Amino acid sequence: MSGEAEADTQVRIQPRKSGLTRRQKRAVSRGVQYVVFVAALVAIGASADWGQLQNQFAQADLAKQLFPDIITLALRNTVLYTLSGFVFGLVLGVVIALMRLSSVGPYRWLAGVYIEIFRGLPALLIFVFVGVGVPLAFPGTEIIGGTYGKVALALGLVAAAYMAETIRAGIQAVPKGQTEAARSLGFSHARAMVSIIIPQAFRIVIPPLTNELVLLFKDSSMVLFLGVTLEERELAKFGRDLASQSANSTPILVAGLCYLLVTIPLGFVVRRLEAKAQEATK
Amino acid sequence: MSTESTESPENPSSNRSDPSDPSNPSNPEIQVRGLHKSFGDNEVLRGIDLEIGRGEVVCVIGPSGSGKSTLLRCVNLLEEPTKGQVFVGGTEVTDPDVDIDAVRRRIGMVFQQFNLFPHLSVTENLTLPQRRVLGRDKARAARVAADNLQRVGLAEKADAYPSSLSGGQQQRVAIARALAMGPEVMLFDEPTSALDPELVGDVLAVMRMLANEGMTMMVVTHEMTFAREVADRVVFMDDGVIVEAGPPAQVIANPAHERTRHFLSRLLDPAMADVEDDNGREGDKGLKGDKGL
């Protein structure tokens, strides 16, 4: 309060160039922003063809037909693909993170190359590679788990590169004294890592890993490039198929809402975890 | 080097004895021979010879950067010496073929920053190392943990997590954790330097109890009162060498060397003590940070 009063007297003391006080200027600036915002809304609202949109995306009876399959089949498959990819990626990510921190040069080098390659390629290319390239390269071999195995492999390969860097940072964030305490108690290097360091590192990296889970959840839509049976369809493929069957995009909108049903709560969880982690480091 | 120190009377030991012969009862528990340690171009230890007998309590004092913490950390090989030998209980720690994890089980260490495992409860801090390292079963580890928490007076904190404890309580848990492994030797690296002054007493009381029970102890400390009352021998280090060593009555009350006198006068003069103490702590932390990188 006193600061503002002081500012006001200052303004009065100085010559007024614009003829407005600071408070007035602030009000004008805010008013202009509201006007622009409302004008943009009105422009979009007036120019869009709402009737067409509703026709194409919001057919209530079409939407009803999607249930329960969109939940029991498509959403369920999306969750399964995501989780299998996440688990595979997590295991591989831990291995690559440990290689990155290894005292053996070639391990560090290999892990570095892996991370650069798989972070640098679009996930789509990895899916095509797994779907087409692997069967060509290893004729006669079947990826365990069929489509689920292929998805876990493709999603995991991509996720591992990101998770490895996150986990490495988490391991390095555990204070050096923890390793020293463990070693001084007679833990071997490997045991200290497994029993003391990695559990603490995981607590640090849970928020970014949950974030990675959200990304994977969306990336699982690329399954449609693998070619799947009817029973293996997930949200994106399911929505697209039914959209072309019915020549209407309502299924796409419903599938989108199904994604949000999972990603928005997960995002909320991530923010909660981050806030908690911040609290813990204080 | 003036290490012609008076051995404590109950632990007579001779330099000529073969330290690797454990059947010889006169062998020192800890023996350091010609120890050198460099960090890059910085030579922190410049030829240390030291023997600590079974049941002996030795306090290592000296200004920050004198190498006393590094010396302590060389005993259980947290720092790898550049040159020289270290024997603990007849085993050469510095032997490249030695099973260092087996040796470390016999050496308890207490750190300035406690280093409790924050993701584990107090009891789990004590039981996990026993189970993973010594292979004790759950029941036995829990029993040993409870006994040792009792010893340090923290039985009621068994289920607490480290973050809910005061610094002094954390340090006593850290001591209990080391004791639960049944060590023959205890190393203390400035165990009270990170504590608020009013919490120092509890930790020193536990250390005093250990000394009375006959534990072999090597203590790097700035607590002159503790050194005077509990130590069998005080070792004064400066600039990477042992300047003088002997009973506390001699080294602290009547130092022979000018450097010792200078250090003690600055430490004991109340006006200078705070300055010295603060500088010391910051300096030591800085040094450790450097090593960490």
In whole Hz, the Karplus estimates of ³J(HN,Hα) for region A:128-145 (6.51, -1.76, 1.60; θ = phi - 60°; x where Gly or Pro) are 5, 4, 5, x, 10, x, 4, x, 6, 5, 10, x, x, 7, 10, 6, 4, x
Everything considered on the Cα gyration tensor (a ≥ b ≥ c; rounded for a/c under 1.5, else prolate if a/b is larger than b/c, else oblate), the protein assembly as shown must be described as prolate
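Using 0.36 nm per residue, how much length does the chain from A:Arg108 to A:Arg30 gain when fully extended, once their Cα-Cα distance is taken away?
Details: separation 78, 0.36 × 78 = 28.08 nm, distance 5.38 nm.
Additional length available on full extension: 22.7 nm.
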If every Lys and Arg gets +1 and every Asp and Glu gets -1 at its Cβ, then about the Cα centre region A:63-280 yields a dipole, in debye to the nearest 20, of 480
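For A:Ala275 and B:Asp101, what does the FRET efficiency come to when R0 = 35 Å and r is the distance between their Cβ atoms, rounded to the nearest 0.05?
Taking R0 as 35 Å, the efficiency between A:Ala275 and B:Asp101 is 0.30.
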Set A:Lys64/A:Lys150; A:Lys64/A:Lys237; A:Lys176/A:Lys276; A:Lys218/A:Lys276, cut-off 21 Å on Cα-Cα distance; pairs above it are A:Lys64/A:Lys150; A:Lys176/A:Lys276; A:Lys218/A:Lys276
Residue-normalised 222 nm signal for the protein assembly as shown, counting each DSSP H run of n ≥ 4 as -39,500 (n - 2.57), nearest 500 deg cm²/dmol, is -18000 deg cm²/dmol
Partner shielding of A:170-182, taken as the mean number of other chain Cβ atoms within 10 Å, equals 5
Partner shielding of B:112-119, as the mean number of partner chain Cβ atoms within 10 Å, equals 5
If amide H atoms are modeled at 1.01 Å from N in the peptide plane, then the residues at a separation of 5 or more from B:Val57, or on another chain, having amide H under 5 Å from its own are B:Met217, B:Asp232, B:Arg233
A correct Karplus calculation of ³J(HN,Hα) over region A:196-211, with 6.51 cos²θ - 1.76 cosθ + 1.60, θ = phi - 60°, whole Hz and x for Gly and Pro, returns 10, 7, 5, x, 6, 4, 5, 5, 6, 9, 4, x, x, 5, 5, 4
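Report, in debye and to the nearest 20, how large the dipole of the protein assembly as shown comes out about its Cα centre when Lys and Arg carry +1 and Asp and Glu carry -1 on their Cβ.
Working: 58 positive and 63 negative charges, 523 e Å.
Using Cβ point charges on Lys, Arg, Asp and Glu, the protein assembly as shown gives about 2520 debye.
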tail above 26 Å in the computed P(r) of chain A, as % of all Cα-Cα pairs, reads 63
Under 5 Å from the placed amide H of B:Gly84, counting only residues 5+ away or on other chains, we find B:His36
Partner shielding of A:260-270, as the mean number of partner chain Cβ atoms within 10 Å, equals 0
If the label point sits 7 Å along Cα→Cβ of A:Ala190, residues of region A:83-99 with amide N under 20 Å come out as A:91-99
Most packed first (mean Cβ within 10 Å per residue), the peptides B:174-185, A:51-62, A:242-253 order as B:174-185, A:242-253, A:51-62
Along the dipole axis of the protein assembly as shown (charges at Cβ: +1 for Lys and Arg, -1 for Asp and Glu; origin at the Cα centre), the most positive-end residue among B:Leu195, B:Thr94, A:Gly267 is A:Gly267
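Values in this text are rule-based calculations from the coordinates and carry no lab data. The model shown is predicted, which means the values in this text are computed figures rather than measured ones. FYI the Cβ positions are ideal-geometry reconstructions off the backbone, even for glycines, and counts take in every protein chain you see.
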